[in-house]
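Structure, as structure tokens:
The values are calculated or read from the model by the stated rules, or taken from the named source; none is laboratory data. Keep in mind it's a predicted model, so treat the numbers as computed, not measured. Positions of Cβ are generated from backbone atoms using ideal geometry, with glycine treated the same way; all protein chains shown enter the neighbour counts. Note: accessible area is taken over every heavy atom of the protein model, side chains too, but ligands, DNA and RNA are not part of it. Shrake-Rupley method; radii C 1.70, N 1.55, O 1.52, S 1.80 Å.
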Amino acid sequence: MQPTHENRSSLILAGAPTSPNPYNDLMNGNAESRGLAILGSTGSIGTQALEVVDAHPERLRVVAITAHSNVELLEEQARKYRPTLVGMVSEKAAMEIKRRLEGAGIEVAAGPECLIEAAAYPLADTVLNGVVGSAGLPPTLAALGAGKRLALANKESMVAGGELVLEALKTGGELIPVDSEHGAIFHCLRGEEISEVEAVVLTASGGPFYGRSREELESVTVEDALAHPTWSMGRKITIDSATLMNKGLEVIEAHYLFEVAYDAIKVVAHPQSVVHSLVEFRDGSLSAQLSLPDMRLPISLALSYPERWGPPFKHTDMAALGALAFGEIDRGAFGCLDLAYRAGREGGLATAVLNAANEMAVAAFLEGRMGFLDIERVIGETLEKYEPARARSLQDVIRAEEWARAVAEEITGEAA
Ligand code: NAD
Ligand code: MG
């Protein structure tokens with residue numbers, strides 16, 4: 001493993017030495033109850049995070065929740081968990097929720113800025129980012145800037161702005177990954193020296209099309225792609241899992257989180273999704289984290305660390321599981337993984353471009369505007385047009401994304 005600067009993993013584990021959040025001492029003094037802000041509370045990750053809260057009401061208090069536009073569910077959650085702040089990204093939906101929650105003593109924030117407000121909310125000491133897409137990057141930076149613990153499910157933050165996130169981490173806050181693979185690596189690295197790590201091995205279920213040839217992928221439908229065999233997740237990540245771009249995004253996420261060179265990040269197919277990932281040490285030994293697939297486990301670990309909270313949501317009965325299988329990824333059939341490695345090695349704004357083109361292409365596929373294999377083609381062609389540039393600021397990332405979306409949209413239009 002070739003770290004590009006010293007011991008980043010301890011940065012993630014321990015966070016910055018001092019925190020600018022004036023409420024932290026107060027919150028930390030009350031060790032039994034942590035203030036939690038959930039960004040994307042109506043989504044797959046958000047609702048599972050609330051189930052973790054339900055299991056530990058004495059340890060977690062929901063102080064802020066945000067959603068894009070699901071008024072019904074956000075209202076229901078607000079009435080149940082009594083946060084003091086709710087945010088709605090859609091202005092129209094925000095007006096509606098404000099009307100419905102009138103007199104409830106809950107502040108309503110509207111527009112994309114509501115994510116920043118919730119991420120830096122003084123009453124929160126932990127922020128769970130379960131937003132989908134690179135819309136999650138500004139609140140990721142805001143949470144770290146405000147000295148929070150960031151439980152990060154939003155992998156697109158790391159892909160679009162990994163360098164910026166690491167810069168933010170040097171000045172404040174701490175980051176605990178929620179993505180199951182990175183949660184597993186985080187778990188395997190507890191008590192280990194990062195210098196003794198040879199490689200990390202990300203497992204991939206392979207998605208619904210594992211074992212299919214390129215020809216067979218040509219005619220798959222949106223419905224086929226949404227039928228994930230082992231995980232129930234939001235629509236965008238489910239399509240990413242079918243193209244294997246999800247694994248590509250996770251390779252880039254692992255590179256930034258654990259300071260692992262791309263040559264030392266391996267991917268292995270594992271259809272049962274029981275081994276969540278592995279760490280390979282210098283002496284050849286491998287450590288892995290296993291459990292039945294259930295996102296409430298990595299969510300819970302990110303909220304409870306350094307403690308572990310029980311009882312478990314699911315017990316894993318190894319004898320009942322029987323055999324666990326591992327195999328090669330068919331990189332010829334699933335080209336998105338190599339596109340992600342290529343963008344990752346290129347560095348700078350290439351990964352922001354990859355991510356934005358992917359978001360655009362997945363939306364076009366879900367809307368029925370193009371075929372499954374066009375996703376990979378649109379991303380590849382967008383990357384071909386990209387001129388290398390550094391990611392110095394959030395503005396740089398936003399501009400690169402706008403450029404990539406426009407280019408990807410043009411290519412998508414030609415495909416339609
Ligand atoms: P989802 O679509 O189910 O939920 C997304 C949430 O974000 C919703 O609450 C939605 O209202 C909100 N949202 C959507 N667009 C937004 C925007 N532009 N601005 C602000 N909020 C917006 O998605 P999900 O499956 O919960 O995934 C969330 C994130 O977690 C993704 O980055 C995904 O890759 C990652 N993740 C998910 C899982 C999983 O099991 N679902 C596992 C690992 C990682
Ligand atoms: Mg994952």
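Can you tell me which residue in the stretch 85-101 is nearest to ligand 1 (Cβ to nearest atom), limited to those that are over 19 Å from Pro112 (Cβ atoms) and surrounded by fewer than 17 Cβ atoms within 10 Å (Cβ to Cβ)?
Arg100
Report yes if some residue within the stretch 353-369 is farther than 17 Å from Arg405 by Cα, touching a residue at least 60 places away in the same chain (Cβ under 8 Å) and open to solvent by 70 Å² or more (accessible area, probe 1.4 Å); otherwise report no.
no
Those residues that are under 21 Å from the mean Cα position of the chain (by Cα) and in a helix (DSSP H, G or I), I need them from the stretch 297-321; list them, please.
Leu297, Pro298, Ile299, Ser300, Leu301, Ala302, Leu303, Ser304
Looking only at the stretch 170-196, filter to residues that are crowded, with 22+ Cβ neighbours inside 10 Å and farther than 17 Å from Ile265 by Cβ; which one of those is nearest to ligand 2 (Cβ to nearest atom)?
Out of the qualifying residues, it is Val178.
Checking Val132 against (1) under 24 Å from Pro83 (Cα atoms); (2) open to solvent by less than 10 Å² (accessible area, probe 1.4 Å), which single condition isn't satisfied?
Result: Val132 fails condition (2) only.
Within the stretch 207-237, which residues are within 16 Å of ligand 1 (Cβ to nearest atom) and of a type in the set (Gly, Ala, Ser)?
Of everything in the stretch 207-237, those that are within 16 Å of ligand 1 (Cβ to nearest atom) and of a type in the set (Gly, Ala, Ser) turn out to be Gly207, Ala225, Ala227, Ser232, Gly234.
Does Val127 fit the bill of being within 16 Å of ligand 2 (Cβ to nearest atom), open to solvent by less than 10 Å² (accessible area, probe 1.4 Å) and either in contact (Cβ under 8 Å) with a residue 60 or more places away in the chain or under 15 Å from the mean Cα position of the chain (by Cα) (or both)?
For Val127, the condition - within 16 Å of ligand 2 (Cβ to nearest atom), open to solvent by less than 10 Å² (accessible area, probe 1.4 Å) and either in contact (Cβ under 8 Å) with a residue 60 or more places away in the chain or under 15 Å from the mean Cα position of the chain (by Cα) (or both) - is not met.
Determine the pairs where a residue that is open to solvent by less than 80 Å² (accessible area, probe 1.4 Å), located within the stretch 389-416, has a partner that is of a type in the set (Ser, Thr, Tyr) with Cβ atoms under 7 Å apart, the partner being 6 or more residues away or on another chain.
Glu401/Ser134; Ala404/Thr382; Val407/Thr382; Ala408/Thr382; Ile411/Thr382
Consider Leu324 against the criteria (1) in a loop (DSSP other than H, G, I, E, B); (2) in the same structural domain as Val260 (by TED's automatic domain parsing); (3) open to solvent by 70 Å² or more (accessible area, probe 1.4 Å): it satisfies all of them except one. Which criterion is unmet?
Just one mismatch for Leu324, condition (3).
Restricting attention to the stretch 150-189, and to residues there that are assigned to a helix (DSSP H, G or I) and without any contact (Cβ under 8 Å) to a residue 40 or more places away in the chain, which single residue is nearest to ligand 1 (Cβ to nearest atom)?
Filtering the stretch 150-189 down to residues assigned to a helix (DSSP H, G or I) leaves 155-171, 180-188.
Filter once more, so that each one left must be without any contact (Cβ under 8 Å) to a residue 40 or more places away in the chain: 157, 167-168.
Working: Ser157: 8, Glu167: 21, Ala168: 18 Å.
Residue satisfying both the conditions and the ranking: Ser157.
Mind checking whether some residue in the stretch 245-266 is within 16 Å of ligand 1 (Cβ to nearest atom) and modelled with pLDDT under 95?
Within the stretch 245-266, none of the residues are within 16 Å of ligand 1 (Cβ to nearest atom) and modelled with pLDDT under 95.
Could you please give the count of residues in the stretch 194-215 that are over 30 Å from Asp283 (Cα atoms) and among the polar types (S, T, N, Q)?
1
Does the stretch 38-59 contain any residue that is in contact with a Pro (Cβ under 8 Å, 6 or more places away or on another chain), at negative phi and modelled with pLDDT of 65 or more?
yes
Could you say whether any residue in the stretch 290-304 is open to solvent by less than 80 Å² (accessible area, probe 1.4 Å), touching a Cys at 6+ places or on another chain (Cβ under 7 Å) and modelled with pLDDT of 95 or more?
No, because not a single residue in the stretch 290-304 is open to solvent by less than 80 Å² (accessible area, probe 1.4 Å), touching a Cys at 6+ places or on another chain (Cβ under 7 Å) and modelled with pLDDT of 95 or more.
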